[in-house]
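Next up is a structure, given as structure tokens.
Bear in mind these aren't lab numbers, they're just calculated from the coordinates by the rules spelled out. This structure is a prediction, so every number in the text was calculated from the model and none was measured. Neighbour counts are summed over all protein chains in view; Cβ atoms, including those assigned to glycine, are modelled from backbone coordinates with ideal geometry.
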Amino acid sequence: MPEPGPLLGVVADDFTGACDLAATVSRAGVPATVLLDATAAVPTVACVVVALKSRTAPVDVAVAESVAAARALRAAGARWIYQKYCSTFDSTDTGNIGPVADALMDELGAATDLTTPATPALGRTVHRGHLFVGDRLLSESPLRHHPLTPMTDPDLVRVLGRQTSRPVSRGVVGPGHVVLDAISDDDLDAHARLLLERAAAGHVDLWGGASGLAAALARALPRSAPAATSAPVPAGRRLVIAGSCSEQTRAQVAHFRGPSYRVAPGDVSGALAFLTSTDGTALVYTSAAPAEVLPGAAAEIEATLAAIARRAVTELGVAQLLVAGGETSGAVCRELRLTALDVREHVGPGLAWCSPLPDPGLRVLLKSGNFGDDDLFDEAWL
């Protein structure tokens, strides 16, 4: 008999968000694998996360890629589909969260989308439909200055309402998109029970949000296998690649005690010369305040950092690679031609070292720009 498919199939809109969710559900006891190649065969672990680079892609591209990922997961037997987006609801007035959710609802034949970005472990809570980052409204947080998706409205009903023609409501389950409040993990656990009860009663819903609701589902789901265990730590050098402009990543860059090199777009040779001359943990970064980033430079910055990462792994013996920033992580993984990540060692909320394929001897930690304590670049290592 063929093996059953995943319990939870996740369509994630960026690489670090995919790793955040996989690390979180794995820590809750549900094994998880991240697919970095959407065309790769879907494994039979309990949670499979397809990592896309669709958060800021054109809407039609984001929709097409997300639907294709959902179809692959369903074809592999995934019981439920989950739309993963950022815990700060990173999007613009045209999407991509709303249009992707609409398309996934159409694909599933779902009348209702039950969704929340709330992740209390990371300080993201939703009260009366308003998203808070710590004790500040989203619109008063550093995310209001995001260079690609400035978040200036904390009312998620209003934000999502500008992205979709379906009705958007708060709390009351009905047709359309339903934004769920949550200020604690207990709230999310109650939501997870509701979702599973509705599924057991025959309702076909789209589930969506950040890693908080996924973790609650993991706590409620049956266990099909033990979570992944740690493997021998690879010997070799340690490298941080930081491309995020987030306030937290810039604090981590400033705190880092080892040798560091701020690389300019295209300066691969200078960064490699720096790495060749250093020992121990090193940092190569472009992270700067959003206002300092030159318009149109993002693609060249990503390509530069990705090329540095590839050559550092293949030529300089880097065995532990920490990458900060969703766009940067996507570029690095594609440059290294990685196809999947198995979660291994957890180092903090939403953060885990992973063994990648086709190079399981390497360890990779892909970090959202806003995640981790100030000393992460010094303390995360195996």
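Quick one: go through the stretch 260-275 and flag any residue whose amide nitrogen is under 16 Å from the point 7 Å out along the Cα-to-Cβ line of THR314.
268-269, 272
On to the next question. DSSP loop trypsin sites (Lys or Arg not before Pro) in the stretch 68-156 with at most 14 other Cβ atoms within 10 Å of their Cβ, which ones?
ARG128
Tell me which residues come under 5 Å, amide H to amide H, from LEU148 once H is placed; ignore anything under 5 positions away on its chain.
Close amide H contacts, sequence-distant or interchain: none at all.
Based on other C-beta atoms within 10 Å, arrange TRP207, TRP80, TRP381 from fewest to most.
Fewest to most other Cβ atoms nearby, the residues stand as TRP381, TRP80, TRP207.
If you average over every viewing direction, what projected area does the convex hull of the Cα atoms of the chain give, in nm²?
So the Cα hull casts an average projection of 17.2 nm².
Taking each pair of distinct Cα atoms in the stretch 29-172 once, what is the resulting Kirkwood hydrodynamic radius in Å?
Kirkwood hydrodynamic radius for the stretch 29-172: 16.1 Å.
Rounded to two decimals, what ratio of Rg to Rh does the stretch 237-379 give with C-alpha atoms and a Kirkwood Rh?
Rounded to two decimals, Rg over Rh is 0.92.
Around ASP205, under 9 Å between beta carbons, what's the net of Lys plus Arg minus Asp minus Glu among the other residues?
After counting each charged neighbour, the total is 0.
Could I ask something else about it? Would you mind computing, in nm to one decimal, how far apart the modelled labels at ASP106 and HIS127 are, each placed 7 Å from Cα along Cα→Cβ?
3.8
Quick check: net charge around THR112, other residues with Cβ under 11 Å of its Cβ, Lys/Arg +1 and Asp/Glu -1?
0
Helix 185-200 against the longest principal axis of the chain: what's the angle in degrees, Cα atoms only, rounded to the nearest 10?
Tilt of helix 185-200: around 60 degrees.
Which whole-number percent is the relative contact order of the chain (Cα, under 8 Å, 6+ apart)?
20 percent.
Can you give me the distance in nm between label points at ARG144 and ARG71, each placed 7 Å from the Cα along the Cα-to-Cβ direction?
For the pair ARG144/ARG71, the computed spacing is 4.3 nm.
Let me know the charge dipole size of the chain about its Cα centre in debye, to the nearest 20, where only the beta-carbon of Lys, Arg (+1) and Asp, Glu (-1) is charged.
It works out to roughly 440 debye.
Taking the chain as the reference, fit the longest principal axis to its C-alpha atoms, fit the long axis of helix 97-108 to the helix C-alpha atoms, and give the angle between the two in degrees, 0 to 90, nearest 10.
60
Could you grab the Rg to Rh ratio for the stretch 110-224? Cα atoms only, Kirkwood for Rh.
Expressed as Rg/Rh, it is 0.98.
For the chain, build the charge dipole from Cβ charges (+1 Lys, Arg; -1 Asp, Glu) around the Cα centre, then report which of SER246, LEU131, ALA75 sits farthest towards its positive end.
ALA75
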